[in-house]
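Below is one structure, written out as structure tokens; comments come after it.
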Amino acid sequence: MIKADSQVILSVRGLTATVEGTQILKGVNLEVKAGEIHAIMGPNGSGKSTFAKVLAGHPDYTNIQGEVVFQGQNLLELEPEERAKAGVFMAFQYPLEIPGVSNLDFLRVAYNSRRKHQGLEELDAFDFDDLVHEKLAVVKMDPRFLDRSVNEGFSGGEKKRNEILQMALLEPTLAILDETDSGLDIDALKIVANGVNQLAKPENTTLLITHYQRLLNYIVPDFVHVMESGRILTTGTKELALELESRGYEWVRGEEETAGVGAA
Amino acid sequence: MTTTVKTFVNQPYKYGFVTDIESDTIPRGLTEDVVRLISAKKNEPEFMLEFRLKAYRQWLKMTEPTWPNVTYPAINYQEIIYYSAPKKKEQKLGSLDEVDPAILETFEKLGIPLSEQKRLSNVAVDAIFDSVSIATTFKEKLAEAGVIFCSISEALQEHPELVQKYLGSVVPVGDNYYAALNSAVFSDGSFVYIPKGTKCPMELSTYFRINTGDTGQFERTLIVAESGSSVSYLEGCTAPMFDTNQLHAAVVELVALDNAEIKYSTVQNWYAGDENGKGGIYNFVTKRGLCAGVNSKISWTQVETGSAITWKYPGCILAGDNSVGEFYSVALTNNRQQADTGTKMVHVGKNTRSTIISKGISAGHSNNSYRGLVKIGPKADGARNYSQCDSMLIGSDAGANTFPYIQVQNDTARVEHEASTSKIGEDQLFYLSQRGISSEDAISMMISGFCKEVFSQLPMEFAVEADRLLSLKLEGSVG
């Protein structure tokens, strides 16, 4: 939902990042306003997942330069958990298994850490139990998954649903979905997409990182950005995604080179 | 090593202070005269001196074991002080008023108040300071139930026949190098006797404190549960921080007669040395329970977090038919700590059962080994054992090993062994931090999940304590 007078939630300028000596991000610029859904597409190795992880504060990346302002705060100065508490959420491409820690306990601790940050009272186990059961409906998840260890033995689809469940509970201002569609069959994809759509609100924003156009049939973005070699090469609307689907990423590279703004 | 699993930094050891008191300390070194001196100082009956001398003579002929998966410089046994007691105290004190206030304060600081009004409710405590028992609480109340709970020195004066009957009956004087040393020079410890058919009305607990720098601590604990009785016993340990290493070589013997049950829990938090491995306690301990009677049960639960080196294998000899042995262990090592610990389950009687649940957590540059023996004797028809040994690694520089020994001499026995190794990885920590959970909380959640099966075996008062202790030990261990 694009509105001209919406508040800027995230502003990224000239962002660079290096992993193990290789520069992956080479100057990313992006501005996201409240209520908008942005998709970042690009071929493998273009840096789109790195971009997501750097926003979330993954410790593997070094030499992070540039500017990332999230709701007026310099995001790069914050520790990962502070970013999370401030309202940055990343749904992982490969959600981690945490043996021995019950999913329900994990969800409650995460939820209460955000509540506490917002100056709200923490929910006790009973109130939280009511809340979480309500939120299960968003992703049509079986309550039995609450009693299991976090993601342990979950199928790919169940893990992704669990991610969206966390998102539903934490109500982030900026939700980054890193290749959430990967490894999902069509039914699971619909459920996950439906969950994301329900959670999109005028006051928050969603950043979809994806390789394929398929997801965008279900979550319709306001903007589509194409990333290549650590930069955003071109920006358009959902039609750009369809064009990419039919013509491939080579087409964007060609366009750029003709225009003379491609990487030298 | 990845970028943020940084050098492991321990939370400062909060029990590392030294109490300034006058001690009655004998000269360094060990000779037959020293053994006689210790016995004389304690005014022991003749049989005790003979027990000690026999042990000493055996010890002289023995050599230190080299098979454990630990390394340390040779110990000079002539440099150790074998007896040190707070002055002013020749005999067991009549009341707490006679105890040096500095010592009472020490125990207060350790969270073990001994004064009447502040005592832990429903837990009787025997407090041992360096080599000597300082005070035993709730004695009168226990006496009403016929339970004897006192220091072993006192038991030697008041109940010599019981001590003579059972001391060394489970761990013979020549059992191993450290047990022989302990048998020769032990200075004090706890004695528990639960009469026939009695359920001990409260938790019993011994609290060990090493204070002097060059003193070895050699305590001796003996628990006897008569037919149909039951008792739950807990020991806790701390020591000050010294740059040198102190030797702690204890022996614990448990005897359970027909239908008796003994539950023995340990929370061991001796000083572990600094992050470079300087200082700390060498904890070389022999603990063994004898399920002498039919349907008897002995259960060991240990939470081992301290000591520079831990060498202990609390075990059960399942002699009585249908007897049950259990071993639940959490051993945590950090920095340069080394642990070689596990259990021995020796099935002698018919239909005997044993369960072993061992959880090893290794962080920093530490090394943590599980070593366990399950032995099924030829007459142990229908014996069953289940062992589960799980290791968790934190960071990339820690080591974990499992050495199971299984000896089965009876076709009808069933022995199961499961083992797993997991790792707290950087990615898991990042995942949890992305959900607003700090690394410390994340580790603590994962550790308590990992240790759940063991902590649930601890007496309730101490389960929470153990959980907190582990978190404290790992605080700041992952940056």
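Between rounded, prolate and oblate, where does chain A land on the alpha carbon gyration tensor, with a ≥ b ≥ c its root eigenvalues, rounded for a/c under 1.5, else prolate if a/b exceeds b/c?
prolate
Calculate how steeply helix A:186-199 sits against the longest principal axis of the alpha-carbon atoms of chain A, using the helix alpha-carbon long axis, and give the answer as 0 to 90 degrees to the nearest 10.
Between helix and principal axis, roughly 80 degrees.
Does segment A:68-133 come out rounded, prolate or oblate, given a ≥ b ≥ c as the square roots of the eigenvalues of its C-alpha gyration tensor, rounded meaning a/c under 1.5 and, failing that, prolate meaning a/b above b/c?
Taking the square roots of the gyration eigenvalues as a ≥ b ≥ c, segment A:68-133 is oblate.
For segment B:274-323, build the charge dipole from Cβ charges (+1 Lys, Arg; -1 Asp, Glu) around the Cα centre, then report which of B:GLY315, B:GLY277, B:SER296 sits farthest towards its positive end.
Projecting each Cα onto the dipole axis, the largest value belongs to B:SER296.
Please say if the protein assembly as shown is rounded, prolate or oblate, where rounded means a/c under 1.5 for a ≥ b ≥ c the square roots of the C-alpha gyration tensor eigenvalues, and otherwise the choice is prolate for a/b larger than b/c and oblate otherwise?
Prolate, since a/c reaches 1.5 and a/b exceeds b/c.
Which distance in nm do the two modelled labels at A:LYS26 and A:GLU203 give, with both placed 7 Å along the Cα-to-Cβ direction?
4.1
Using DSSP, restrict attention to beta bridges with both residues in segment A:1-151 and report what percent are antiparallel, rounded to the nearest 5.
100
For segment B:375-472, what is Rg from Cα atoms divided by 2.2 N^0.38 Å, rounded to two decimals?
Ratio of Rg to 2.2 N^0.38 Å for segment B:375-472: 1.46.
Restricting to bridges with both residues inside chain A, how much of the DSSP beta-bridge set is antiparallel, in percent to the nearest 5?
Approximately 55 percent, going by the DSSP bridge assignments.
Over segment A:129-209, one equal point on each Cα, no solvent: what is log10 I(q)/I(0) by the Debye formula at q = 0.24, 0.25 Å⁻¹?
-1.26, -1.34
Could you give the size of the charge dipole of chain A about its Cα centre, using +1 on the Cβ of each K and R and -1 on the Cβ of each D and E, expressed in debye and rounded to the nearest 20?
280
Out of residues 5 or more away from B:SER354 or on other chains, whose amide H comes under 5 Å of its own, with H placed 1.01 Å from N in the peptide plane?
B:GLY325, B:ARG384, B:ASN385, B:TYR386
For B:SER229, what residues show an amide H to amide H distance below 5 Å, using hydrogens built from the backbone and excluding near sequence neighbours?
Hits under the 5 Å cutoff: B:GLY197, B:THR198, B:ALA260, B:GLU261.
Could you list the residues of segment A:137-165 with an amide nitrogen less than 17 Å from a label point located 7 Å from the Cα of B:ASP441 in the Cα-to-C-beta direction?
Backbone N within reach: A:150.
Count charges around B:PHE430 for me, please; just the other residues with Cβ under 9 Å from its Cβ, Lys/Arg as +1, Asp/Glu as -1.
-2
Per residue, what volume in Å³ does the convex hull of the Cα atoms of segment A:153-264 enclose?
120
Taking a threshold of 21 Å on the Cα-Cα distance, which of the pairs B:LYS263/B:LYS312; A:LYS26/A:LYS159; B:LYS199/B:LYS344; B:LYS344/B:LYS379; A:LYS159/A:LYS238; B:LYS287/B:LYS359 fall above it?
With Cα atoms farther than 21 Å apart: A:LYS26/A:LYS159; B:LYS199/B:LYS344; A:LYS159/A:LYS238.
State to the nearest 20 debye the size of the charge dipole of segment A:97-199 about its Cα centre, where the only charges are +1 on K and R beta carbons and -1 on D and E beta carbons.
Using only the charged Cβ atoms, the result is roughly 140 debye.
Restricting the count to DSSP beta bridges whose residues both fall in the protein assembly as shown, what percent are antiparallel, rounded to a multiple of 5?
Close to 20 percent.
Stick to the Cα atoms of segment A:13-101, pair each with every other, and give me the Kirkwood hydrodynamic radius in Å at one decimal.
14.2
Just going by the charge dipole of segment A:193-252, with Lys and Arg at +1 and Asp and Glu at -1 on Cβ, which of A:LEU215, A:HIS225, A:TYR249 is farthest out on the positive end?
Checking the options against the dipole of segment A:193-252, the answer is A:LEU215.
Each value in this text was obtained by applying a stated rule to the coordinates, not by laboratory testing. Computed from a prediction, not measured in an experiment: that's the story for all the values here. Neighbour counts run over all protein chains shown; Cβ positions are idealised from the backbone, glycine included.
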